[in-house]
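Accompanying notes for the structure given below.
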Amino acid sequence: MTEAGTIASYLAARPYPGRGLVLNRSDDGAVTVSIFLTGRSHASQARTLVHAHGAFEVVPTDGVADDPLRHYHGMIARGMRLVAGNGRQVSDIAASGAGPATGEGEIRRQMYEPDPPIFTPRLSAIVDPDGAPQALLGIAFRGGSGDVKHRLEQISMLTPGDVWLMHTYDGNVNAPNAEGFIVQLRGDDTGTCGAQAIWNALHPQYRVAVGSVTTHPGINWADGEWVTQHRE
């Protein structure tokens, strides 16, 4: 799905997009991958992103016990390959060694989350700016009969100025549509869409945290610029 607007205009119409992932190549050739968290409940809002050892981990801020549906590594760097998403499948895909050209099987093995009645989709992305293709985006979501369905988007070449957004929810805040969504947008005047732009675009009532990493061709993700924005 292609939208004409920016992430600001798109998210302005969607106050509760759930968890999401943004992929952007700016006009200067830099590649940025971001993950974001929104939440309605205390448990979902009491989280933050911690950067360590080439990864972002989603951790609780209120001392609660580990919750496998809320706490996980949301981004893991392996050289020029980066895996990102909204659950513990990120660690599994990173460990598999799969890249954008070989990761379809890994994504098709994923299930939606066991969190009735919503059944949140699993979002996964594998990005390698030096690869061919350069990115693979995938969603595992619940079909009408309870079966798992998959939606994939393989990106051969990241075009400067383009923004690819995946998010879990749309529609009514209290009864969201949880099919999972992939949309293509555009960046700002410099083609950029990073942590600050995403944070500003998210509704203040529901935004929790945003984490971004930016790299340039030939520079490993772990050596890139890691940035976070989070709820105070």
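Summary of computed values
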{"item": "Amide proton proximity set for Arg19, modelled H, under 5 Å, gap of 5+", "result": "Thr38, Thr168, Tyr169"}
{"item": "FRET E, pair Asn177, Asp115, Förster distance 22 Å, beta-carbon r, rounded to 0.05", "result": "0.90"}
{"item": "Over the chain: helical MRE at 222 nm, DSSP H runs n ≥ 4 each giving -39500 (n - 2.57), nearest 500", "result": "-3000 deg cm²/dmol"}
{"item": "Theoretical gain in end-to-end length, Glu232 to Ser41 [0.36 nm per residue, Cα-Cα removed]", "result": "67.2 nm"}
{"item": "Calculated FRET efficiency for the pair Thr190/Ala132, C-beta based, R₀ 25 Å, to 0.05", "result": "0.45"}
{"item": "HN-Hα J in Hz across segment 156-167 - Karplus 6.51, -1.76, 1.60, θ = phi - 60°, x for Gly and Pro", "result": "5, 9, 6, 8, x, x, 7, 10, 9, 10, 10, 8"}
{"item": "Val50 paired with Arg108, simple spin-label distance in nm, labels 7 Å along Cα-to-beta-carbon", "result": "3.7"}
{"item": "Summed side-chain charge close to Ala98 - residues other than Ala98 whose Cβ falls under 13 Å, Lys, Arg +1, Asp, Glu -1", "result": "0"}
{"item": "HN-Hα J in Hz across segment 210-221 - Karplus 6.51, -1.76, 1.60, θ = phi - 60°, x for Gly and Pro", "result": "9, x, 10, 10, 10, 9, 10, x, x, 10, 4, 4"}
{"item": "Distance in nm between pseudo-label sites at Asp27 and Ser9 (7 Å out along the Cβ direction from Cα)", "result": "1.7"}
{"item": "Near-label residues of segment 109-127 by backbone N, under 15 Å of a point 7 Å along Cα→Cβ of Ser96", "result": "109-112, 122-127"}
{"item": "Neighbour-count ranking [beta-carbon atoms within 10 angstrom, fewest first] of Phe36, Phe119, Phe181", "result": "Phe119, Phe181, Phe36"}
{"item": "Net charge, Ile126 excluded, C-beta distance under 11 Å - Lys, Arg +1, Asp, Glu -1", "result": "-1"}
{"item": "Mean Cα-pair separation over length for the chain, i.e. relative contact order, pairs under 8 Å, 6 or more apart, %", "result": "29"}
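Coordinate-derived values only; no laboratory data. Just so we're clear, the structure is a prediction, and the values are computed from it rather than from any experiment. Glycine gets a Cβ as well: all are built from the backbone with ideal geometry, and neighbour counts include every protein chain shown.
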